[in-house]
1. Suppose the filter is without any contact (Cβ under 8 Å) to a residue 12 or more places away in the chain and either over 12 Å from the mean Cα position of the chain (by Cα) or closer than 15 Å to residue 58 by Cα (or both); does residue 90 pass it?
2. Got at least one residue in the stretch 126-137 being farther than 17 Å from residue 57 by Cβ, surrounded by 15 or more Cβ atoms within 10 Å (Cβ to Cβ), within 13 Å of the chain's Cα centre (by Cα) and without any contact (Cβ under 8 Å) to a residue 40 or more places away in the chain?
3. State yes or no: is residue 224 at pLDDT below 90, farther than 30 Å from residue 97 by Cα and crowded, with 19+ Cβ neighbours inside 10 Å?
4. Could you list all residues from the stretch 66-103 that are crowded, with 16+ Cβ neighbours inside 10 Å and outside any helix (DSSP H, G or I)?
5. May I ask you to verify whether residue 46 is under 17 Å from residue 151 (Cα atoms), over 29 Å from the mean Cα position of the chain (by Cα) and surrounded by fewer than 13 Cβ atoms within 10 Å (Cβ to Cβ)?
């Protein structure tokens, strides 16, 4: 178990097939965070005053000074109840989506795609997509808030991040998780012999058992006469 003998190096790690999806998911998590915490879903300018509304409440700016107000503040009492409700729900769902996309991206970049729980992540992304979309549409159609207001960047950024995260999870990362390591692939360019066959000189054979640490596929490296886990980058 552990590292190769002194003076010897293990096979070079194969390229991480989940690297690109992992990077995109991290970017999507950042976009969702920007949309969740900023107050520029819709905005309006009147004379020397500007108002912006977001999931956490509203922001009032006048002559270079800005005041932030939450949904529970006195000045926000006149806001419709369903907008307040979906502001809170959207904030909670946004936090879940940020965590889901960020965690999936981190696991993908660290070669731990086998630990990515796809179904719960789909649920978190779906809940945020619904609440954020409803909140944005409800703001725009409201007679008081939407009248004279224009759509801001926050909602657009958030929804782009959610759509991107959902697409990457389903179309890019999901197939990698389901397929696992490519059959017969060996690290460092070593050829892999068929399952159950004795390794020929200079060849490596796919191990019949899984890695005891990550349950990933093991590969037999004839040079060291040991099995190697590409995911953990250690010998078993």
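1. Numbers: without any contact (Cβ under 8 Å) to a residue 12 or more places away in the chain: no; either over 12 Å from the mean Cα position of the chain (by Cα) or closer than 15 Å to residue 58 by Cα (or both): yes.
Criteria not met by residue 90.
2. No, the conditions are met nowhere in the stretch 126-137.
3. No; evaluated as a whole, the condition is false for this residue.
4. Scanning the stretch 66-103 gives 69, 71, 79.
5. Numbers: under 17 Å from residue 151 (Cα atoms): yes; over 29 Å from the mean Cα position of the chain (by Cα): yes; surrounded by fewer than 13 Cβ atoms within 10 Å (Cβ to Cβ): yes.
Yes.
The values are calculated or read from the model by the stated rules, or taken from the named source; none is laboratory data. Here the structure is a predicted model, which is why all the values come from computation and not from measurement. Cβ atoms come from the backbone with ideal geometry, glycine included; neighbour counts cover every protein chain shown.
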